[in-house]
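One structure is given here, and the rest of the page talks about it.
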Amino acid sequence: MKIYEKPNPFLLHKTILTMTKITVAKGDGIGPEIMDATLKILNAAGAKLEIEEIEIGEKVYLNGNSAGIEPSAWESLRRTRVFLKAPITTPQGGGFKSLNVTTRKVLGLYANVRPCVSYHPFVKTKHPIMDVVIIRENEEDLYAGIEHRQTDEVYQCLKLISRPGTEKIVRYAFEYAKAYNRKKVTCFTKDNIMKMTDGLFHKVFDEIGAEYPDIQKEHWIVDIGAAKLADTPELFDVIVMPNLYGDILSDVAAQITGSVGLAGSANIGEGFAMFEAIHGSAPRIAGQNKANPSGLLLGAIQMLVHIGQLDVAAKVQNAWLRTLEDGVHTYDIFEKGVSKEQKGTKEFADAIIERLGQSPSLLKPVTFNSALSSFSYKPMVHQPEKRELVGVDIFMQSTDRHAENLAKRIQNASPNLLLQLQMITNRGTKVWPNGFPETFCTDHWRCRFKPENVGTEISYDQVVKLMQELNSAGLDIIKTENLYYFDGKPGFTAAQGQ
Ligand code: NAD
């Protein structure tokens, strides 16, 4: 049905030796210490970077900028399009917007890429064999932030999954697997329950996956998938998921490698990218030369790969692996019997610099032969489907907990109209007709109206007329949702128990 023009994989095969401009923010807490350590290592390794520094975080928030970033900083980001960011402290109290969420949304950073790797036996872990990359959709799902209080008792958060948003992230996951020679891409959704939203994600995964015959594909319902990931992470390679599951499971995956302090992450968009550690600003250990710079360093290595400085990226990562292997550790991963020397932030960075050019002997050395660079999304060919209005769900508030009473009031209010009450649900469960007296009901009722001849097209005027009648009869309408057929198929789900 849908044909995708064979993608240009946008692969970089050679190290680019020209200077690349990047924007750097040193952030708060341990941010400046770990950023200085990281930049010192990159510089010693020969990274060709021209740095523009911007101010973000606590000071900016407290200066009255609720986004935590100065407007002028966006100019630098527009110029460089590459952002290496240290963690920041979000001040306590309301009114401060998450800088990460703002940056992701403003710059369209739709893919969050988090490699989660075990460094057994040098970092203690229950999972010695683990090398999983979590690719999380970063822009939509429940994170659209569209929330409403609808009745006295019920609040709503809209889960939005779009076809273009899903195509972008799924395509990115497969291109990532191809570029980095990964064998399998797994998709996690909850499409047994959310048949339309997660169902679309799964469907697009199957459609796009079919274009990659050399890569294994599998889908797991997110609950059992998460359990398997926590139990046997060695079974997974690349995992792609919608935003909320990805947010939770990328932390689980990072933690079970042995330390969240060792994970970096990339936020990738079309033409923009942001790289960081996954941990926060650790204010309690700030200014003590104690913090482990590894998370930010691994984020910076992802950045070097992204900008095509592949040899430098490999050189830094191999020296870092060698340092871990030599038992030179910061306090957070120091373990008697395994670790040999405990180092501060600066000394740990110097130990890595001393080892530039060396490779680990037990851990697997890395090589980057090619990299997925600026990935340009082309939508799949999609014929718009014919949309017909066939009914309406009208949501009402009523503190009378008896669905029968509400049904009677509705039927009395709209006896002669074309649209007839078909069912009432409460929090998705059918309570009329033939509801169960045991079903607990809130003050939030969904009333579904359809013409007698179900499936025939209606006009929106008929919906408006129905709403007028209900309103005149004193029924308390809180919102409506149109019911459409797309190419003759319902674009809405049935109720539980229907
Ligand atoms: P945190 O990640 O800063 O700290 C959690 C624990 O891990 C602490 O015990 C800390 O000492 C330790 N830790 C973290 N990074 C470490 C490192 N590099 N080396 C050694 N130990 C390390 O989480 P938190 O305490 O919940 O949050 C502190 C602040 O960071 C908050 O203001 C929060 O909003 C912010 N934060 C920012 C980001 C970001 O900028 N991306 C992410 C998470 C939290």
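Only the coordinates and a few stated rules stand behind these numbers; no lab work does. Owing to the predicted nature of the structure, the values given are computational and were not obtained by experimental measurement. With ideal geometry, Cβ positions are generated from the backbone for all residues, glycine too; neighbour counts draw on all protein chains shown.
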The helix 460-472 Cα axis meets the longest alpha-carbon principal axis of the chain at an angle in degrees, between 0 and 90 and rounded to 10, of 70
Residue span ASP152 to LEU417: 0.36 nm per residue of separation minus Cα-Cα distance leaves a gain in nm of 92.4 nm
If LYS228, LYS343 are placed from fewest to most neighbouring beta carbons inside 10 Å, the sequence is LYS228, LYS343
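Taking every DSSP beta bridge that has both residues in the chain, what percent is antiparallel when rounded to the nearest 5? Before the final figure, lay out the partial values.
Values: 50 of 79 bridges.
So the antiparallel bridges in the chain amount to around 65 percent.
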Straight-line reach check, LYS408, cutoff 18 Å on alpha carbons, 8 or more apart in-chain or any other chain, hits among lysines -> LYS430, LYS450
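Taking the number of other C-beta atoms within 10 Å as the exposure measure, put CYS447, CYS116 in order starting with the fewest. Let's see the in-between values first.
Values: CYS447 24, CYS116 29.
Lowest to highest Cβ neighbour count: CYS447, CYS116.
Provide the packing ranking of 123-130, 265-272, 312-319, i.e. peptides ordered by the mean count of other C-beta atoms within 10 Å per residue, highest first. List each step's numbers first, then the result.
On the way: 123-130: 16.4, 265-272: 20.9, 312-319: 23.9.
Packing proxy ranking, top to bottom: 312-319, 265-272, 123-130.
Please report, largest first and rounded to whole Å, the three semi-axes of the ellipsoid equivalent to the stretch 106-241, where each semi-axis is the square root of five times an eigenvalue of the C-alpha gyration tensor.
Working: eigenvalues 157, 73, 42 Å².
In descending order, the three semi-axes are 28, 19, 15 Å.
Report the Stokes-Einstein translational diffusion coefficient (µm² s⁻¹, integer) for the stretch 109-178, Rh taken as the Kirkwood radius over Cα pairs, at 10 °C with viscosity 1.306 mPa s. Kindly include the intermediate steps, with their values, before the conclusion.
Values: Rh = 15.0 Å.
For the chosen part, D equals 106 µm²/s.
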Expressed in angstrom, Rg and Dmax over the Cα atoms of the stretch 387-490 are 13.3, 39
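Which order do VAL366, VAL24, VAL170 fall in if you start with the one that has the fewest other Cβ atoms within 10 Å?
Numbers: VAL366 18, VAL24 21, VAL170 24.
In increasing order of surrounding Cβ atoms, one gets VAL366, VAL24, VAL170.
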Everything considered on the Cα gyration tensor (a ≥ b ≥ c; rounded for a/c under 1.5, else prolate if a/b is larger than b/c, else oblate), the stretch 284-372 must be described as oblate
When the charge dipole of the chain is computed with +1 at the Cβ of Lys and Arg and -1 at the Cβ of Asp and Glu, the Cα pointing farthest to the positive end, of GLY271, ILE458, VAL154, is that of GLY271
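Of LYS48/LYS228; LYS178/LYS343; LYS126/LYS378; LYS465/LYS489; LYS124/LYS184, which sit over 30 Å apart, Cα to Cα?
Details: LYS48/LYS228 41 Å; LYS178/LYS343 38 Å; LYS126/LYS378 41 Å; LYS465/LYS489 26 Å; LYS124/LYS184 26 Å.
Long pairs (Cα-Cα over 30 Å): LYS48/LYS228; LYS178/LYS343; LYS126/LYS378.
Hey, with R₀ at 22 Å, roughly what FRET efficiency would PHE440 and ALA494 work out to, going by the Cβ-Cβ distance, to 0.05?
The computed FRET efficiency comes out at 0.60.
Given a Förster distance of 60 angstrom, what is the FRET efficiency for ALA286 paired with GLU388, based on the Cβ-Cβ distance and rounded to 0.05? Display every interim value, and only then the final one.
Numbers: r = 60 Å, r/R0 = 1.00.
E(calc), rounded to 0.05, equals 0.50.
Run through every distinct alpha carbon pair of the chain and return the Kirkwood hydrodynamic radius in angstroms, one decimal place. Don't skip to the answer; put the middle values down first.
Details: mean 1/r = 0.0395 Å⁻¹.
Result for the chain stands at 25.3 Å.
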If every Lys and Arg gets +1 and every Asp and Glu gets -1 at its Cβ, then about the Cα centre the chain yields a dipole, in debye to the nearest 20, of 680
Under 19 Å by backbone N from the virtual spin label 7 Å along Cα-to-Cβ at ASN405, the residues of the stretch 415-447 are 424-427, 431-447
Label model pair MET196, GLN92: point-to-point distance (7 angstrom along the Cα→beta-carbon line) in nm is 4.3
With the dipole of the chain defined by +1 on each Lys or Arg Cβ and -1 on each Asp or Glu Cβ, the option from GLY344, GLY287, PRO490 whose Cα lies farthest towards the positive pole is GLY344
The extension gain from ASP476 to GLU347, computed as 0.36 nm times the residue separation minus the Cα-Cα distance, is 39.7 nm
Each label sits 7 Å from Cα toward the beta-carbon; between GLN216 and GLU50 the label points are separated, in nm, by 4.6
Quick calc: nm separation of the 7 Å Cα→Cβ label points for ASN63 and TYR331 -> 3.2
Plugging the Cβ-Cβ distance of GLU452 and THR18 into 1/(1 + (r/R0)^6) at R0 = 51 Å yields, to the nearest 0.05, a FRET efficiency of 0.10
Subtracting the Cα-Cα distance of THR367 and TYR460 from 0.36 nm times their residue separation yields 27.5 nm
Taking Cα pairs closer than 8 Å and at least 6 residues apart, the relative contact order of the chain in percent is 17
